[in-house]
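The values are calculated or read from the model by the stated rules, or taken from the named source; none is laboratory data. Since this is a predicted model, take the numbers as computed values, not measurements. Reconstructed Cβ throughout: ideal geometry from the backbone, glycine too, with neighbour counts over all protein chains shown.
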Amino acid sequence: MISLDKVKGVGAKSTMLLNRLGIFNVDDLVSHYPYRYDLIKRTNLSEAEELDKVIIDGKVDGAPILIRLKGNLNKMNIRLVTNDGKIVGVSIFNRAFLKNSLTVGTNITVFGKYEKSKNIILASEIRLGLLPKGEKIESVYHGTAGLSSKNIATFINTALMQFGNEITDFIPKSIIEKYNFLNKKTSLNIVHNPSTKEKLKEASIRLKYEELFLFMTKINYLKIKNKNIDNGLNKTYKKENLDELMKSLPFKLTKDQEKVLNEILEDLKSKRRMNRLLQGDVGSGKTIISIIALYANKLSGYQGALMVPTEILAHQHYETIKKVLKDFDVNVKLLIGSLTKKEKEDIHKELEEGKIDIVVGTHALIQGEVQYQNLGLVVTDEQHRFGVLQRTSLKNKGNMPDVLYMSATPIPRTYALTIYGDMDISVIENLPSGRKNIKTYLKSNKEIKDVLQMMYEELKDKHQIYVIAPLIEESETLDLTTVEELKDKMELAFGKDFNIGVVHGKLSNKDKDKIMNEFVNNNIQILISTTVIEVGVDVPNTTMIVIFDANRFGLSTLHQLRGRVGRSTLESKCILISDQDTKRLNIMTKTNDGFEISEEDFQIRGHGDLFGTKQSGDMTFKIANLKEDYKILLQAKKDSEKFLTSKSPEDVKLLETIIEDIKEG
C-alpha cells in the first residue's frame, strides 16, 4: 500500500483530514468516488422561469457594491453582461473576499436562482472564468471541515498521475478480454473526470464489476474453506441444564425462535464449524437466542464473545445477559474502549486464564493484546456494520470457534443467499406476541402543525421521541446547519417544558454516548439525530419517531429507523415527512413487515441515476450498489467461482493477492 505522504501536496494536516474520511492510502484515495455528478451547462436566461436554478457567464460591468449587514454578514451586488449582450444583476451573500477579484471586465461564471421579475440572480457560487462550449460533467465528493470537494479532486488526480500504473487490478486478464473492459487506470481517470455520460457509464460498470468480483471471490473462497473444515469444536452438555434456563425465562419462545435455536444448537454439536447468519426483523427476539447459545457454549466448557458496533449497545447487551443469567453460574464481563487501562488489563488476564465465560464488547474484543483461553462461540450483532473482512478477525482469536452473525436488516432471501453465500441462514419471521404494530403516517410539510400536536400528545403522556434530521450529503457544515435549525424549531415548540438533545456526526463517540445515556435515562425527552440512531439501542419509553425529508432514505433504512420505537407494549407511531416520492413511501404506511418492505425496495429502486445523489448504507461498497447492480453481482459470482478453479499461473498469483487481503482484513 502506498502511503498518502507520497502524494505531492498531501501534508500532515491533509493526511489527518483524509483519515477522517476513511482514506489511509493511495488505494483508498483513488477509490473515494464522487457521490454526485453535476451537469454544468449554460442557461438561456430568456427561457428561464421565476426562481429557476441557472448557470450563466459573462463580464463584470461596473465595480461590485459591498453592503454590510447585521453582525458579520455582508451582501455584494454585481452587474453582469452575458455573452449574448443581456444585462443581469447578481447578488451574493458573505463573499466579501471576492471583491478584489471581480474588477470591471473580469470573466465570471455564476450559479444561483433567477428572480426573473427583478432580473436578479441570487448566487450560491461565483467562479472566475467562462464556461466551456457544450456541457461539462463535474465530480462532487464528500468532504469534511477543512477539506473541500475541490481539494479532494486535486489530491485524487495527482495520485492518479503519480501512481496510476501501480494500483492493483483485481480482474483477471481473461475476464477483461471477455467483457472488453477498459483498463483500471483509464476507468479511474474517467470516473473522476468524465467527459461524456457514455464514457462515465462504461468506466463505472467496469469498476463496479471489479468491486463485486473481488467481494464474491472472497465470499466463495471462505465458503470453500469452511466446507473443507470438519475438525471444529464438538460441544456437549447436559440437556437438563439448558432446560433449566429455558424454564426460567419469563416468556415462551415463538415457533420461529424455537426453530432457529434448534438449528444453532445442532451446529454447536456438529464437528463442522458453525458459520450462520441469524436474520430477524427489529424486535423479533434474536438477542435471547444468542444468550441461550452462549450459555450452551459455556455448559460445554468454552468461552463466548458477543461483539457489537457501539459502546452503548454493548452496555445494553451486557445488562440483558446478566439479567437473564443472574441465577446461573456464569461470569460475564464488558470490554469496551472507554475502560481504564487497568480495567482492560484485568479483563485481558481473566480471559487468558479462562475465568470469564462470556465477554461482551465492541471491536476492543479483536485487538491484538486480547487472548482467549478456549474461545468456542463468537456472536457478532449487526454484522453488516463490521464489513466482510472483519468477519474473520474475531473468529481467528480461538481454535476453530463457532460463529453466529445477527442482523436486523431484512434482505430478500435470494439476495441474502448471494451476498452471504459463505453462511447458513436462519430467519425469524414473526414478532413475539404482545408487540403492537407501529402506526405509520405520511405527512407533507404543510401539515407540520398536526405533527407537532401529535408529538405534544406523546410528551404529555411522559413518553419520549426521536427526530431524524434530513439526510444531507453535501458537507458536515450543511449537516450541522440543518440540525441546528431543527433544534431551534423544537425548542420553540417544546423547549419550555421538555429537554431536547442532539446527536450528530461531528460529536466524539464519548459525547454521543453521554447524550444517548441521557436519553436512555429520560433526562432528554426529544432526541434529534443527523445520523441513523444507534442500531439496536433499546429505549422502551420512546413511542414516536419523526423523520424529516423521508424521501431521501431507502425503504429498508426507514424501516430500521421505525424499529427504534415500538420496543414495549406501548402503542408507537412513526411519522414520515415528505412532499416527494409519496407513492414509494406509502408502502411504509401499509406494512410493518421488514421482509416485505425489503422486497418492495429491491423491486422499486431500478438502476440508479448517475446524476442524482448516491444512496448510502449498502454494506461497505464504494461504487457498487447491491440493489441497483444485482445483475452485475450475479455475473461476478459466476465468474469468481470459475476463477477459483483456474490453474493459470496469472490467476493463481492474483488469488494469492486476494487471500492476503482477506488475512489483513
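Can you confirm whether region 265-278 contains a residue that is among the charged types (D, E, K, R), touching a residue at least 12 places away in the same chain (Cβ under 8 Å) and part of a strand (DSSP E or B)?
First, pick out the residues of region 265-278 that are among the charged types (D, E, K, R): 266-267, 269, 271-273, 276.
Imposing the further condition that a residue be touching a residue at least 12 places away in the same chain (Cβ under 8 Å) reduces the set to 267, 269, 271-273, 276.
Still in the running and part of a strand (DSSP E or B): 276.
Yes, that holds for at least one residue.
Within the bounds of region 621-633, is there any residue that is outside any helix (DSSP H, G or I), within 30 Å of Ser433 (Cβ to Cβ), modelled with pLDDT of 70 or more and not basic (Lys, Arg)? Steps first, answer last, please.
Going through region 621-633, the residues outside any helix (DSSP H, G or I) turn out to be 621-629.
Now narrow it down to the ones that are within 30 Å of Ser433 (Cβ to Cβ): none.
Checked against the condition, which is being outside any helix (DSSP H, G or I), within 30 Å of Ser433 (Cβ to Cβ), modelled with pLDDT of 70 or more and not basic (Lys, Arg), region 621-633 yields no hits at all.
Please work out if Val308 is under 30 Å from Thr591 (Cα atoms), within 32 Å of the chain's Cα centre (by Cα) and among the hydrophobic types (A, V, I, L, M, F, W, C). Please lay out each step first, then the result.
Details: under 30 Å from Thr591 (Cα atoms): yes; within 32 Å of the chain's Cα centre (by Cα): yes; among the hydrophobic types (A, V, I, L, M, F, W, C): yes.
Judged against the criteria, Val308 is a match.
When you look at Tyr237, is it modelled with pLDDT under 90, aromatic (Phe, Trp, Tyr), assigned by TED's automatic domain parsing to the domain that holds Glu352 and within 22 Å of Val359 (Cβ to Cβ), yes or no? Before you say what the answer is, go through the steps one by one.
Working: modelled with pLDDT under 90: yes; aromatic (Phe, Trp, Tyr): yes; assigned by TED's automatic domain parsing to the domain that holds Glu352: yes; within 22 Å of Val359 (Cβ to Cβ): yes.
In short, yes.
Considering only region 53-71, how many residues are under 38 Å from the mean Cα position of the chain (by Cα) and surrounded by 15 or more Cβ atoms within 10 Å (Cβ to Cβ)?
3
Matching residues to (1) over 36 Å from the mean Cα position of the chain (by Cα); (2) of a type in the set (A, V, I, L, M, F, W, C):
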position	(1), (2)
Lys197	no, no
Glu202	no, no
Tyr221	no, no
Asn234	yes, no
Lys238	yes, no
Asn241	yes, no
Leu249	no, yes
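Suppose the filter is closer than 27 Å to Glu198 by Cα, at pLDDT below 80, touching a Ser or Thr at 6+ places or on another chain (Cβ under 8 Å) and not aliphatic (A, V, I, L, M); does Gly612 pass it?
Values: closer than 27 Å to Glu198 by Cα: yes; at pLDDT below 80: yes; touching a Ser or Thr at 6+ places or on another chain (Cβ under 8 Å): no; not aliphatic (A, V, I, L, M): yes.
Spelling it out, it is not the case that Gly612 is closer than 27 Å to Glu198 by Cα, at pLDDT below 80, touching a Ser or Thr at 6+ places or on another chain (Cβ under 8 Å) and not aliphatic (A, V, I, L, M).
If you take just the strands (runs of 3 or more DSSP E) that sit entirely in region 302-383, which of them hold at least 2 residues that are among the small types (Gly, Ala, Ser)?
Values: elements: 303-307, 332-335, 358-361, 375-381.
Correct list: 303-307.
crowded, with 18+ Cβ neighbours inside 10 Å and more than 30 Å from Glu369 (Cβ to Cβ): which single residue out of Ile336, Ile312, Ile321, Ile289 fits that description?
Details: Ile336 fails: more than 30 Å from Glu369 (Cβ to Cβ); Ile312 fails: more than 30 Å from Glu369 (Cβ to Cβ); Ile321 fails: more than 30 Å from Glu369 (Cβ to Cβ).
None of the others qualify; the one that does is Ile289.
Any idea which of Arg567, Arg562 is within 24 Å of Arg435 (Cα to Cα) and touching a Cys at 6+ places or on another chain (Cβ under 6 Å)? Show your work before the answer.
Working: Arg567 fails: touching a Cys at 6+ places or on another chain (Cβ under 6 Å).
Within the list Arg567, Arg562, the selection yields Arg562.
Might you check whether a residue that is out of contact with any Pro (no Cβ under 7 Å at 6 or more places or on another chain), outside any loop (DSSP other than H, G, I, E, B) and either of a type in the set (A, V, I, L, M) or more than 30 Å from Arg435 (Cβ to Cβ) (or both) occurs anywhere in region 246-255?
Yes, because at least one residue in region 246-255 is out of contact with any Pro (no Cβ under 7 Å at 6 or more places or on another chain), outside any loop (DSSP other than H, G, I, E, B) and either of a type in the set (A, V, I, L, M) or more than 30 Å from Arg435 (Cβ to Cβ) (or both).
State all residues of region 19-50 that are assigned to a helix (DSSP H, G or I) and of a type outside the set (Ser, Thr, Tyr); if no residue qualifies, say none. Before you say what the answer is, go through the steps one by one.
Applying the first criterion (assigned to a helix (DSSP H, G or I)) to region 19-50 yields 19-20, 26-30, 45-47.
Hits for region 19-50 are Asn19, Arg20, Val26, Asp27, Asp28, Leu29, Val30, Leu45, Glu47.
Quick one: which of Leu233, Leu222, Leu268 is more than 30 Å from Ser640 (Cβ to Cβ) and either crowded, with 17+ Cβ neighbours inside 10 Å or of a type outside the set (S, T, N, Q) (or both)? Walk me through it before giving the result.
Details: Leu233 fails: more than 30 Å from Ser640 (Cβ to Cβ); Leu222 fails: more than 30 Å from Ser640 (Cβ to Cβ).
Only one candidate passes the filter, namely Leu268.
I'm told Gly505 meets every condition in (1) at pLDDT below 95; (2) in contact with a helix residue (DSSP H, G or I) (Cβ under 7 Å, 6 or more places away or on another chain); (3) surrounded by 14 or more Cβ atoms within 10 Å (Cβ to Cβ) except one. Can you identify the failing condition by its number?
The failed condition is (3).
Would you check if there is a residue in region 121-142 being under 36 Å from the mean Cα position of the chain (by Cα), assigned to a helix (DSSP H, G or I) and surrounded by 13 or more Cβ atoms within 10 Å (Cβ to Cβ)?
Within region 121-142 (the criterion being under 36 Å from the mean Cα position of the chain (by Cα), assigned to a helix (DSSP H, G or I) and surrounded by 13 or more Cβ atoms within 10 Å (Cβ to Cβ)), the answer is no, since none of the residues qualifies.
Answer with yes or no whether Ser284 is in a loop (DSSP other than H, G, I, E, B), over 30 Å from Leu431 (Cβ atoms) and among the polar types (S, T, N, Q).
Working: in a loop (DSSP other than H, G, I, E, B): yes; over 30 Å from Leu431 (Cβ atoms): no; among the polar types (S, T, N, Q): yes.
Answer is no for this residue.
Residue check: is Lys269 closer than 23 Å to Ser568 by Cα and not hydroxyl-bearing (Ser, Thr, Tyr)?
Details: closer than 23 Å to Ser568 by Cα: no; not hydroxyl-bearing (Ser, Thr, Tyr): yes.
It is false that Lys269 is closer than 23 Å to Ser568 by Cα and not hydroxyl-bearing (Ser, Thr, Tyr).
Where residues in region 477-502 are closer than 27 Å to Ser338 by Cβ and modelled with pLDDT of 85 or more, which of them is nearest to the chain's Cα centre (by Cα)? Steps first, please.
Of the residues in region 477-502, the ones closer than 27 Å to Ser338 by Cβ are 479-480, 483, 487, 499-502.
After this cut, where a residue has to be modelled with pLDDT of 85 or more as well, the list is 487, 499-502.
Working: Lys487: 24, Asn499: 28, Ile500: 25, Gly501: 22, Val502: 19 Å.
Per the stated criteria, the residue is Val502.
Counting only residues that are loosely packed, with under 14 Cβ neighbours inside 10 Å and β-branched (Val, Ile, Thr), how many does region 1-43 have?
0
Mind listing whichever residues of region 1-22 are without any contact (Cβ under 8 Å) to a residue 60 or more places away in the chain and either in contact with a Pro (Cβ under 8 Å, 6 or more places away or on another chain) or closer than 15 Å to Thr158 by Cα (or both)?
First, the residues of region 1-22 that are without any contact (Cβ under 8 Å) to a residue 60 or more places away in the chain: 1, 3-5, 11-12, 15-16, 19, 22.
Matches in region 1-22: Ser3, Leu4, Asp5, Gly11, Thr15.
Can you find even one residue in region 542-555 that is at pLDDT below 80 and among the small types (Gly, Ala, Ser)? If you could, list the steps in order and put the result at the bottom.
Applying the first criterion (at pLDDT below 80) to region 542-555 yields 554.
Retained after the next criterion (residues that are among the small types (Gly, Ala, Ser)): 554.
Yes, there is a match, as at least one residue in region 542-555 is at pLDDT below 80 and among the small types (Gly, Ala, Ser).
Any idea how many residues of region 172-213 are in contact (Cβ under 8 Å) with a residue 24 or more places away in the chain, over 19 Å from Val26 (Cα atoms) and part of a loop (DSSP other than H, G, I, E, B)?
6
Provide a single number: the residues in region 354-371 that are more than 21 Å from the chain's Cα centre (by Cα), under 25 Å from Ile288 (Cβ atoms) and either at pLDDT 90 or above or crowded, with 23+ Cβ neighbours inside 10 Å (or both). Even if it seems obvious, please write down each step before you answer.
Of the residues in region 354-371, the ones more than 21 Å from the chain's Cα centre (by Cα) are 354-360, 365-371.
Narrowing the set further to residues that are under 25 Å from Ile288 (Cβ atoms) leaves 356-360, 365-366.
Going one step further and asking which of them are either at pLDDT 90 or above or crowded, with 23+ Cβ neighbours inside 10 Å (or both), we end up with 356-360, 365.
Residues flagged as more than 21 Å from the chain's Cα centre (by Cα), under 25 Å from Ile288 (Cβ atoms) and either at pLDDT 90 or above or crowded, with 23+ Cβ neighbours inside 10 Å (or both) within region 354-371 amount to 6.
Out of (1) buried (at least 22 other Cβ atoms within 10 Å of the Cβ); (2) at pLDDT 85 or above; (3) not in a helix (DSSP H, G or I), what's the single condition that is false for Leu471?
(2)
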